[in-house]
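Remarks on the structure that follows.
The values are calculated or read from the model by the stated rules, or taken from the named source; none is laboratory data. The structure displayed is predicted, hence computed values, not measured ones. Note: ideal-geometry Cβ built from the backbone for every residue, glycine included; neighbour counts use all protein chains shown. In case anyone asks, the SASA skips ligands and DNA or RNA and just uses the protein heavy atoms, side chains included. Shrake-Rupley method; radii C 1.70, N 1.55, O 1.52, S 1.80 Å.
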Amino acid sequence: NSIPTREAILNVINQDQMTKTEIEKQKAQAAAYAAKLVPDHIVLGLGSGTTAAYFVKAINQRINDEHLDIQCVATSVGTEKLAEKLGMRMLDVNTIDQVDLTVDGADVVDHQLNGIKGGGAALLFEKLVADMSKQNIWIVDQRKYTDSLAGHILTIEVIPFGGMGVFRYLKENGYQPEFRFKDNGDILETDSGNYLINIIIPKDADLEKLSIDLKKQTGVVEHGLFLNVCDELIIGGDQIKTIKRS
Ligand code: 5RP
């Protein structure tokens, strides 16, 4: 009931800052580890988001230091801009048949290496590039490795025309849908000009069934459930943890 002391407030702030610092450190550690695994002479998929950005910088450093022959494909306009700014060799995704390896982040990953992506609104290009990739490595901080995807937010990308129909379907089926907005209140548009709807994955959800059901809805372009995609998960930390799909 009493007003907290200045020290008590600073303690809380410092703890928060330490946690954020630790999270960023883990993202960078996972990214640096993944960058060392990339072989020469490949087509490399570059993921999207803050963790993937650490990777883009780390692999760019290696490409320059070791004069590697690596061409890249981006999974978002944001990643494309970063890679171009760094001077990386970029390919148009429509000019290639496959990608050798993609390194990407994730919002949450379960013990079977199924995951949710799309927190950064790039799920459509990310899934397209992941599907073209012979190998997919995900890099995450420790918060994101979890027992179950249930209870987590899943993003669904819908075309603007008829997006409300998908929203109604989700509401009628108890998914508590919400459109995603920007901080300024405008509706968030993806790199493809689509809208995003968030739902919560229900407890005991059958993920395969949910994935198929969502894709069946007319107006749904893609969703952020990535099942059987990740081949290897790298979790940052002073002791890096790697988990391969069994
Ligand atoms: C973007 C994604 C990102 O990979 C995911 O949201 C993780 O982002 P971050 O590394 O910033 O936490 O799927 O659509």
Review point. Most mobile of Asp183, Asp107, Asp65 per a Gaussian network model of the chain (Cα springs, under 10 Å)?
Key: Asp183
Check your understanding: In square nanometres, what is the average projected area of the Cα convex hull of the chain?
Key -> 16.9
Check your understanding: For the range 82-153, what is the accessible area per residue in Å² when the probe is 1.4 Å?
Key -> 45
Exercise for review: Specify the inter-centroid distance of the range 179-195 and the range 49-126, based on alpha-carbon positions, in whole Å.
Suggested key: 22
Exercise for review: Using the structure shown, select from Lys85/Lys241; Lys27/Lys244; Lys20/Lys182; Lys27/Lys171 the pairs with a Cα to Cα distance greater than 28 angstrom.
Suggested key: Lys85/Lys241; Lys27/Lys171
Practice item. Report Rg (one decimal) and Dmax (nearest whole number) for the range 48-193, counting Cα atoms only, units Å. Key: 16.9, 56
**Study point:** Choice from Glu208, Glu80, Glu222 showing the highest fluctuation, given a GNM over the chain with Cα pairs closer than 10 Å
**Key:** Glu208
Practice item. Starting from the Kirkwood radius over alpha-carbon pairs of the range 161-246, derive D by Stokes-Einstein at 4 °C in a medium of 1.567 mPa s and give it in µm² s⁻¹. Key: 84
Point to revise | Hull-based mean projected area of the range 120-188, where the convex hull spans the alpha carbons, in square nanometres | key: 6.8
Review point. Measuring with a 1.4 Å probe in the full set of protein chains, what accessible area per residue, in whole Å², belongs to the range 168-246?
Key: 60
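Are there any chymotrypsin sites (Phe, Trp or Tyr not before Pro) in the range 105-165 that are in a DSSP loop and have at most 11 other Cβ atoms within 10 Å? List them by number.
Details: sites: Phe125, Trp138, Tyr145, Phe161; in loops: Phe161.
Qualifying residues, ordered by number: Phe161.
Ignoring ligands, DNA and RNA, what percent of the 1.4 Å accessible area of the range 81-165 is carbon and sulfur? Spell out each step's value before the answer.
On the way: 1980 of 3850 Å².
Its accessible area is 51 percent carbon and sulfur atoms.
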Review point. Given springs between every Cα pair under 10 Å in a Gaussian network model of the chain, which of Ala28, Ala205, Ala150 has the largest fluctuation?
Key: Ala205
Exercise for review: Return the Rg/Rh value of the range 69-145, two decimal places, where both radii are evaluated on C-alpha atoms and Rh is the Kirkwood radius.
Suggested key: 0.97
Check your understanding: If you project the alpha carbons of the range 13-81 onto their three principal axes, what span does each projection cover, largest first, in Å?
Key -> 45, 25, 15
